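Please read the structure below before turning to the comments.
The values are calculated or read from the model by the stated rules, or taken from the named source; none is laboratory data. Since the structure is predicted, the reported quantities are computational estimates derived from the model, not experimental observations. When the accessible area is computed, the model is the full protein with side chains, heavy atoms only, and any ligands, DNA or RNA have been set aside. Shrake-Rupley method; radii C 1.70, N 1.55, O 1.52, S 1.80 Å.
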Amino acid sequence: MRIITGLARGVKLTTLEGEATRPTAERVKEAVFSSINFELEDALVLDLFGGSGQLGLEALSRGAEQAVFVDSSKDATAIIKANAQKTKLFQKCRILTTDYKDYIRSVAGKHKFDFIFVDPPYAQKLVPDVLKRIMDADILADGGKIICEAEDDTLLENELGEYFELFKSAKYGRVHIAMITKKAGVERD
(Lines give C-alpha, C1' and ligand atoms only; values in the text may rest on other atoms or scores of the structure.)
Protein backbone atom coordinates (compact mmCIF):
# COMPACT_ATOMS: atom_id res chain seq x y z
CA MET A 1 0.00 0.00 0.00
CA ARG A 2 1.40 3.36 -1.03
CA ILE A 3 0.52 6.97 -1.75
CA ILE A 4 -0.43 7.05 -5.42
CA THR A 5 0.43 10.61 -6.43
CA GLY A 6 1.18 14.12 -5.23
CA LEU A 7 3.69 15.38 -2.67
CA ALA A 8 4.19 11.97 -1.04
CA ARG A 9 3.96 9.90 -4.22
CA GLY A 10 5.31 6.37 -3.85
CA VAL A 11 5.71 6.43 -0.06
CA LYS A 12 4.88 2.98 1.31
CA LEU A 13 2.45 2.99 4.20
CA THR A 14 2.40 0.70 7.20
CA THR A 15 -0.80 -1.13 8.17
CA LEU A 16 -1.88 -2.90 11.31
CA GLU A 17 -1.12 -6.60 11.45
CA GLY A 18 -4.02 -9.04 11.52
CA GLU A 19 -7.66 -8.64 10.63
CA ALA A 20 -8.38 -5.55 12.77
CA THR A 21 -8.31 -3.22 9.78
CA ARG A 22 -9.01 -3.70 6.09
CA PRO A 23 -7.12 -1.17 3.97
CA THR A 24 -8.89 0.11 0.86
CA ALA A 25 -7.56 -1.72 -2.19
CA GLU A 26 -5.23 0.36 -4.34
CA ARG A 27 -7.40 0.15 -7.47
CA VAL A 28 -10.44 1.31 -5.45
CA LYS A 29 -8.46 4.18 -3.95
CA GLU A 30 -7.16 5.16 -7.37
CA ALA A 31 -10.70 5.22 -8.82
CA VAL A 32 -12.04 7.30 -5.92
CA PHE A 33 -9.26 9.85 -6.08
CA SER A 34 -9.36 10.19 -9.85
CA SER A 35 -13.02 11.25 -9.39
CA ILE A 36 -12.26 13.98 -6.83
CA ASN A 37 -8.66 14.91 -7.60
CA PHE A 38 -9.37 18.41 -8.90
CA GLU A 39 -11.57 19.27 -5.91
CA LEU A 40 -9.01 18.53 -3.18
CA GLU A 41 -6.98 21.75 -3.29
CA ASP A 42 -7.22 23.47 0.12
CA ALA A 43 -9.94 21.03 1.30
CA LEU A 44 -10.66 20.11 4.90
CA VAL A 45 -10.88 16.31 5.12
CA LEU A 46 -12.27 13.97 7.78
CA ASP A 47 -11.07 10.34 7.67
CA LEU A 48 -13.41 8.44 10.01
CA PHE A 49 -12.30 4.90 10.89
CA GLY A 50 -8.83 6.01 9.80
CA GLY A 51 -7.10 2.60 10.03
CA SER A 52 -3.71 3.30 8.44
CA GLY A 53 -4.69 6.84 7.40
CA GLN A 54 -4.21 6.08 3.72
CA LEU A 55 -7.32 7.95 2.47
CA GLY A 56 -6.68 11.17 4.37
CA LEU A 57 -2.96 11.05 3.57
CA GLU A 58 -3.70 10.54 -0.12
CA ALA A 59 -5.98 13.60 0.02
CA LEU A 60 -3.22 15.65 1.70
CA SER A 61 -0.65 14.46 -0.83
CA ARG A 62 -2.97 15.73 -3.58
CA GLY A 63 -3.41 19.20 -2.10
CA ALA A 64 -5.92 19.07 0.76
CA GLU A 65 -5.18 21.68 3.42
CA GLN A 66 -5.80 19.61 6.54
CA ALA A 67 -7.02 16.13 7.51
CA VAL A 68 -8.56 14.94 10.75
CA PHE A 69 -8.13 11.21 11.40
CA VAL A 70 -10.45 9.44 13.83
CA ASP A 71 -10.09 5.86 14.99
CA SER A 72 -11.11 4.19 18.24
CA SER A 73 -7.99 2.01 18.25
CA LYS A 74 -4.79 3.34 19.85
CA ASP A 75 -2.81 0.96 17.66
CA ALA A 76 -4.45 2.41 14.53
CA THR A 77 -3.81 6.01 15.55
CA ALA A 78 -0.17 5.13 16.25
CA ILE A 79 0.10 3.73 12.69
CA ILE A 80 -1.59 6.85 11.28
CA LYS A 81 0.90 9.05 13.13
CA ALA A 82 3.86 7.00 11.84
CA ASN A 83 2.50 7.12 8.27
CA ALA A 84 1.88 10.88 8.52
CA GLN A 85 5.48 11.37 9.61
CA LYS A 86 6.80 9.04 6.90
CA THR A 87 4.92 11.03 4.22
CA LYS A 88 6.10 14.34 5.73
CA LEU A 89 2.45 15.44 5.97
CA PHE A 90 2.20 15.27 9.77
CA GLN A 91 1.92 19.04 10.23
CA LYS A 92 -1.36 18.97 8.28
CA CYS A 93 -2.84 16.16 10.40
CA ARG A 94 -4.95 16.02 13.50
CA ILE A 95 -5.07 12.44 14.80
CA LEU A 96 -7.59 11.44 17.45
CA THR A 97 -8.19 8.20 19.31
CA THR A 98 -11.93 8.36 19.90
CA ASP A 99 -15.21 6.80 18.89
CA TYR A 100 -16.82 8.20 15.73
CA LYS A 101 -20.02 9.04 17.66
CA ASP A 102 -18.13 11.12 20.22
CA TYR A 103 -16.10 12.89 17.55
CA ILE A 104 -19.08 13.81 15.37
CA ARG A 105 -20.96 15.08 18.44
CA SER A 106 -17.92 17.15 19.52
CA VAL A 107 -17.61 19.00 16.18
CA ALA A 108 -21.31 19.65 15.56
CA GLY A 109 -21.73 23.35 14.86
CA LYS A 110 -17.96 23.93 14.93
CA HIS A 111 -16.49 22.40 11.76
CA LYS A 112 -17.64 21.64 8.24
CA PHE A 113 -15.65 19.25 6.10
CA ASP A 114 -15.24 19.33 2.33
CA PHE A 115 -14.65 15.56 2.18
CA ILE A 116 -15.58 12.87 4.69
CA PHE A 117 -14.26 9.34 4.17
CA VAL A 118 -16.42 6.68 5.84
CA ASP A 119 -14.90 3.19 5.78
CA PRO A 120 -15.98 1.30 8.92
CA PRO A 121 -15.62 -2.44 9.51
CA TYR A 122 -18.08 -4.08 7.10
CA ALA A 123 -19.51 -6.55 9.60
CA GLN A 124 -20.72 -3.77 11.89
CA LYS A 125 -22.89 -2.19 9.13
CA LEU A 126 -22.30 1.30 10.55
CA VAL A 127 -22.58 3.43 7.41
CA PRO A 128 -26.29 4.37 7.81
CA ASP A 129 -25.70 5.34 11.45
CA VAL A 130 -22.61 7.37 10.54
CA LEU A 131 -24.49 9.18 7.75
CA LYS A 132 -27.38 9.98 10.09
CA ARG A 133 -24.97 11.41 12.66
CA ILE A 134 -23.20 13.47 9.98
CA MET A 135 -26.59 14.74 8.84
CA ASP A 136 -27.76 15.58 12.38
CA ALA A 137 -24.47 17.30 13.27
CA ASP A 138 -24.43 19.18 9.93
CA ILE A 139 -20.65 18.79 9.50
CA LEU A 140 -20.59 18.45 5.70
CA ALA A 141 -19.77 21.73 3.95
CA ASP A 142 -22.04 22.97 1.19
CA GLY A 143 -20.86 21.19 -1.94
CA GLY A 144 -18.93 18.72 0.23
CA LYS A 145 -18.76 15.02 -0.48
CA ILE A 146 -18.94 11.86 1.60
CA ILE A 147 -17.14 8.83 0.21
CA CYS A 148 -18.43 5.58 1.74
CA GLU A 149 -17.07 2.10 1.42
CA ALA A 150 -19.40 -0.76 2.30
CA GLU A 151 -20.34 -4.33 1.42
CA ASP A 152 -23.75 -3.36 0.05
CA ASP A 153 -25.36 -0.48 -1.77
CA THR A 154 -28.31 0.24 0.54
CA LEU A 155 -26.86 3.38 2.07
CA LEU A 156 -29.58 5.98 1.54
CA GLU A 157 -32.53 4.38 3.25
CA ASN A 158 -35.26 6.12 5.25
CA GLU A 159 -34.71 9.82 5.95
CA LEU A 160 -31.13 9.72 4.67
CA GLY A 161 -32.43 9.76 1.09
CA GLU A 162 -34.29 12.99 1.86
CA TYR A 163 -31.11 14.76 2.92
CA PHE A 164 -28.34 13.16 0.82
CA GLU A 165 -28.12 12.24 -2.82
CA LEU A 166 -25.94 9.67 -4.47
CA PHE A 167 -23.97 11.21 -7.30
CA LYS A 168 -21.68 8.31 -8.11
CA SER A 169 -21.42 4.65 -7.17
CA ALA A 170 -19.27 1.76 -8.25
CA LYS A 171 -18.64 -1.85 -7.30
CA TYR A 172 -15.18 -3.40 -7.09
CA GLY A 173 -15.51 -7.09 -6.26
CA ARG A 174 -17.45 -7.16 -3.00
CA VAL A 175 -16.76 -3.49 -2.25
CA HIS A 176 -19.36 -0.82 -2.95
CA ILE A 177 -18.21 2.80 -3.15
CA ALA A 178 -20.85 5.49 -2.82
CA MET A 179 -20.16 9.18 -3.28
CA ILE A 180 -22.80 11.26 -1.58
CA THR A 181 -23.56 14.95 -1.22
CA LYS A 182 -26.28 17.03 0.45
CA LYS A 183 -29.37 17.63 -1.64
CA ALA A 184 -29.66 21.24 -2.74
CA GLY A 185 -31.98 23.36 -0.62
CA VAL A 186 -32.36 20.85 2.21
CA GLU A 187 -31.56 22.22 5.66
CA ARG A 188 -31.46 20.49 9.04
CA ASP A 189 -33.42 21.99 11.92
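Give me the compactness ratio for the stretch 76-136, meaning the Cα radius of gyration over 2.2 N^0.38 Å.
Computed over Cα atoms of the stretch 76-136, the ratio equals 1.26.
Taking a straight line from the alpha carbon of K12, these lysines sit under 20 Å away, with near neighbours fewer than eight places off in the same chain left out: K29, K81, K86, K88, K92. Kirkwood analysis of the stretch 33-77, using all unique Cα-Cα pairs, places the hydrodynamic radius at 10.6 Å. The alpha carbons of the stretch 63-172 stretch over 40, 30, 27 Å along the principal axes, in descending order. In this structure the chain gives 49 Å² per residue of accessible area when probed at 1.4 Å with all protein chains present. Overall shape of the chain was characterised from the C-alpha gyration tensor. The equivalent ellipsoid obtained from it has semi-axes of 24, 17, 17 Å, in decreasing order. The fraction of accessible area contributed by carbon and sulfur in the chain is 47 percent, rounded to a whole number (1.4 Å probe; ligands and nucleic acids excluded).
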